[in-house]
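Undergrad: Here's a structure for you.
The values are calculated or read from the model by the stated rules, or taken from the named source; none is laboratory data. None of the values given here were measured: they were computed from a predicted structure. Every residue, glycine among them, receives a Cβ derived from its backbone with ideal geometry; neighbour counts consider all protein chains shown. Surface accessibility is based on the protein's heavy atoms, side chains included, excluding ligands, DNA and RNA. Shrake-Rupley method; radii C 1.70, N 1.55, O 1.52, S 1.80 Å.
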Amino acid sequence: MEFNHIPVLFNETIDSLNINPDGLYVDCTAGGGGHSGKIASLLRNGRLIAIDRDPDAIAVLTERFKDKPQVKIVHNTFNNIKAILDGEKADGILADLGVSSFQLDEASRGFSFHKDAELDMRMSKEGASAKDLVNSLSVGELTRIIRDYGEEKYANRIANNIVNARSEKEIATTFELIDIIKASMPQKAMRDSHPARRTFQALRIAVNGELDQLDSALDDMFDSLKVGGVLSIITFHSLEDRMVKQRFNKFAQGCTCPKEFPVCVCGKTPAGKITVKGLAPSEEELEENPRSHSARLRSITKLKELD
């Protein structure tokens, strides 16, 4: 099985982790093992835990690292990081969020709006699919998902047309859904990008619970670091990037006294120091990998345990 994925901001991400050859590292979204492979190559007596929810990724990782006892492969979701570490603290934790190139390029997975396939979008291949959602949710719930997770201006029109279309025939494939989306939007709204981009993003987030998972995981990721350890996260859209930015800012916040106070009386000091702030891909990387255009890297170093 091929699981090709071009890791974005590759060198910048590895550099941000400041790898200790004898340290413990966690790749929360190991995928095809791009970042994991590089981390493993830099270890001496250290260890790497490579996590992924996708069974296809797990099969590839197991084969790729079969001769590397320092790498442990875990089929799980990264919001269970504390249970996976079982009390250990890591020197570095990485999460490369979003969809892998393999998932996009494999038509049968139903992630891509460029390929006609059954609507699926399940990273774990378990649970409700995108087809289940579009054929069962109410207009109100579909509108909320498409508006909140896709930031789609025409969410209500798309949702209404989905419900109207499914009353006559089940919406089964990506291209069937795309036709409905196109019919819901004026021509001027389809000039800058693919008309289905935002709706597909919204459905994928809903199917996989991506924002809920990230929200529940951020504190546990930071708490799972040793003091001096680094948490690096690559985001691919504004919703998750905003969440990571706000949480990192919270970790890095010190004194919370009112500005008019002449001296600090709260005694609060930062738990972390932000070391990379929303780094975007270089022009060279954008030319080589256009899919990287929305990627942003944020890193924070842990200074002390959370209060």
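Undergrad: Look through region 122-145, keep the residues that are within 29 Å of PHE102 (Cα to Cα) and among the acidic types (Asp, Glu), and return whichever of them is most open to solvent (accessible area, probe 1.4 Å).
TA: Checking each candidate, the answer is GLU126.
Undergrad: What are the residues in region 5-32 that are β-branched (Val, Ile, Thr), open to solvent by 10 Å² or more (accessible area, probe 1.4 Å) and more than 17 Å from MET221 (Cβ to Cβ), if any? Outline the logic, then answer.
TA: Step one: list which residues in region 5-32 are β-branched (Val, Ile, Thr), which gives 6, 8, 13-14, 19, 26, 29.
Filter once more, so that each one left must be open to solvent by 10 Å² or more (accessible area, probe 1.4 Å): 6, 14, 19, 29.
Hits for region 5-32 are ILE6, ILE14, ILE19.
Undergrad: A further question follows. Scan region 72-112 for residues that are polar (S, T, N, Q), open to solvent by 30 Å² or more (accessible area, probe 1.4 Å) and touching a residue at least 40 places away in the same chain (Cβ under 8 Å) and report the count. Reasoning before the result, please.
TA: Keep residues of region 72-112 that are polar (S, T, N, Q), which gives 76-77, 79-80, 100-101, 103, 108, 112.
Pick out the ones that are also open to solvent by 30 Å² or more (accessible area, probe 1.4 Å) and you get 76-77, 79-80, 108.
Then keep just the ones that are touching a residue at least 40 places away in the same chain (Cβ under 8 Å); that gives 77, 79.
Total satisfying the criteria: 2.
Quick grid of which residues meet (1) outside any helix (DSSP H, G or I); (2) out of contact with any Ser or Thr (no Cβ under 9 Å at 6 or more places or on another chain); (3) aromatic (Phe, Trp, Tyr); (4) within 28 Å of ASN76 (Cα to Cα):
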{"site": "SER216", "(1), (2), (3), (4)": "no, yes, no, yes"}
{"site": "ARG242", "(1), (2), (3), (4)": "no, no, no, yes"}
{"site": "ARG247", "(1), (2), (3), (4)": "no, yes, no, yes"}
{"site": "PRO258", "(1), (2), (3), (4)": "yes, yes, no, no"}
{"site": "PRO270", "(1), (2), (3), (4)": "yes, yes, no, no"}
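Undergrad: Right, next: Any residue in region 276-284 that is assigned to a helix (DSSP H, G or I), out of contact with any strand residue (DSSP E or B) (no Cβ under 6 Å at 6 or more places or on another chain) and at pLDDT below 95? Steps first, answer last, please.
TA: First pass over region 276-284, keeping only residues assigned to a helix (DSSP H, G or I): 283-284.
Next cut, out of contact with any strand residue (DSSP E or B) (no Cβ under 6 Å at 6 or more places or on another chain) only: 283-284.
In the following step, the residues that additionally are at pLDDT below 95 were identified as 283-284.
Yes, because at least one residue in region 276-284 is assigned to a helix (DSSP H, G or I), out of contact with any strand residue (DSSP E or B) (no Cβ under 6 Å at 6 or more places or on another chain) and at pLDDT below 95.
Undergrad: Can you list the helices (runs of 4 or more DSSP H) lying wholly within region 39-112 that have 2 or more residues being modelled with pLDDT of 95 or more and farther than 26 Å from SER216 by Cα?
TA: Numbers: elements: 55-64, 81-85, 101-105.
Per the criteria, 55-64.
Undergrad: Confirm whether LYS115 is touching an Asp or Glu at 6+ places or on another chain (Cβ under 7 Å) and open to solvent by 30 Å² or more (accessible area, probe 1.4 Å).
TA: Working: touching an Asp or Glu at 6+ places or on another chain (Cβ under 7 Å): no; open to solvent by 30 Å² or more (accessible area, probe 1.4 Å): yes.
No.
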